[in-house]
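One structure is given here, and the rest of the page talks about it.
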Amino acid sequence: MADRRRSSQPVIFFETQSINRENVMTKVVSAISATMIWAAVLLLAVPPTEAQSPQSLPLTAPSAAKKAHRLILQVNTNDQATMNLALNNATNVEQYYKSIGEKVEIEVVTFGPGLHMLREDTSPVKERIKTIAEKMPSISFKACGNTKENMTKVEEKEIPIIAQATVVKSGVVRVMELQEQGWSYLRP
């Protein structure tokens, strides 16, 4: 009988050991998860000091303050919401840098169907552009000459461009050249 107990005990011991390992691993994982959750809660619950506040940190590097910030906004769709978004982006960027005393140059470049933004006869935002151009000279508007030429052929009439815009040979090339000069690019 004693031999039977010995042979049956190791089986029970290993089964118990296996169950204990699973329990221990489950408890360890639960403890780690709980610790991580509490750490996240504590980080979110403690308000940042003034030095840690995101509002107190400059968005630009100190070296960037010495040169003008430069932004290209591309508009290539005949969509009033996109045109207004581009104008909102331009004015917001201009106002931000003006508020911190830094220079900014912004070019809104239109081509393809986006040329309607700068057309005298079809622009849904021409009055807004006129106001922006008068108040914010750091924002300029460029119309694609290739698109203007193609629209002239298709419509069989001269395409009038608003006075606040300058025609460039190619809108796409203009965007490329400005990017090659280090301008930031945004397509709203």
_With +1 assigned to the C-beta of every Lys and Arg and -1 to the C-beta of every Asp and Glu, and no other charges, what is the dipole magnitude of segment 58-186 about the Cα centre in debye, to the nearest 20?_
360 debye
*Would you mind ranking Met83, Met136, Met151, Met176 so that the residue whose beta carbon has the fewest other beta carbons within 10 Å leads the list?*
Met176, Met136, Met151, Met83
*So for His69, His116, fewest C-beta neighbours within 10 Å to most, what's the order?*
His69, His116
*State, to one decimal in nm, how far the label point of Tyr96 lies from the label point of Asp121, with both points 7 Å from Cα in the Cβ direction.*
3.8 nm
_Net charge, Val173 excluded, C-beta distance under 12 Å - Lys, Arg +1, Asp, Glu -1_ = +1
*asked:* Taking 0.36 nm per residue of sequence separation and subtracting the Cα-Cα distance, how much length would be gained by fully extending the chain between Ser140 and Lys103, in nm to one decimal?
replied: 11.9 nm
*In the neighborhood of Val104, defined by Cβ-to-Cβ distances under 10 Å, what is the net charge if each Lys or Arg adds +1 and each Asp or Glu adds -1?*
0
_Net lengthening on full extension, Ala133/Met176 (0.36 nm per residue, minus Cα-Cα)_ = 13.1 nm
*Provide the percentage of antiparallel DSSP beta bridges, counting only those with both residues in segment 58-186; round to the nearest 5.*
5 percent
*Using the number of other C-beta atoms within 10 angstrom as an exposure proxy, rank Glu94, Glu155 with the fewest first.*
Glu155, Glu94
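Read-outs: derived from the displayed coordinates by stated rules, not from any lab. Remember, predicted model here, so these are calculated numbers, not experimental data. Ideal geometry is used to build each Cβ from the backbone, glycine not excepted, and the neighbour counts take in all protein chains shown.
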